[in-house]
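Scroll down for the structure; my scribbles are underneath it.
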Amino acid sequence: METQTQTQTKPQAIKESAEDLVSHAGDYLDTWSKKLLLKVTQKGVNTGAGLMSGVVLAVLFLLVFLFGSVGLALWIGGLVSSAAGGFFIMGGFYLVVALVFLAVRKKSVIPAVRNMIIRKIYE
């Protein structure tokens, strides 16, 4: 009679262990999915915050650059006694800067920007 109860409890114990294992696996998957959601949310928030601060800084830099360029063009125009001449000299300077940028962009600018973006993604 003892062997019959032992044989009945052994499959039942295995069944309970399997149910516990399934329950723990479900808990593990639930915890893992919540952790993944938190990581994705954190990356999204960090990216959004970085993007917003970058846009604000870009707008401020653009305004400083614009007003500085106009002021410098007017000052140069005063030196050459022609406001239009000052603006043309500034335009020529920016044309030279643009040509230099175009010449070096593939070797130095694009890889630097690419590496910065990759670093930000894996940060």
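Laboratory data are not the source of any read-out in this text; all were calculated from the coordinates shown. Fair warning: this is a prediction, and the values are worked out from it, not measured in the lab. Here the Cβ positions follow ideal geometry from the backbone for every residue, glycine too, while neighbour counts run over all protein chains shown.
Close Lys pairs in region 2-121 (alpha-carbon distance under 17 Å; sequence gap of 8 or more, or different chains): 4. Taking the chain as a Gaussian network of alpha-carbon nodes connected by springs under 10 Å, the highest mean-square fluctuation of the residues ILE14, ILE76, ILE89 belongs to ILE14.
Of the complete DSSP H runs in the chain, those spanning 24 angstrom or more by Cα along the long axis with a mean Kyte-Doolittle score not below 0.0 are 2-79, 83-104. Our analysis of the chain gives Rg over Rh at 1.56, with the two radii drawn from alpha carbon positions and Rh computed by the Kirkwood formula. May I ask you to derive the FRET efficiency for SER33 and ARG119 from their Cβ-Cβ distance with R0 = 35 Å, giving the value to the nearest 0.05? Between SER33 and ARG119 the formula returns 0.80.
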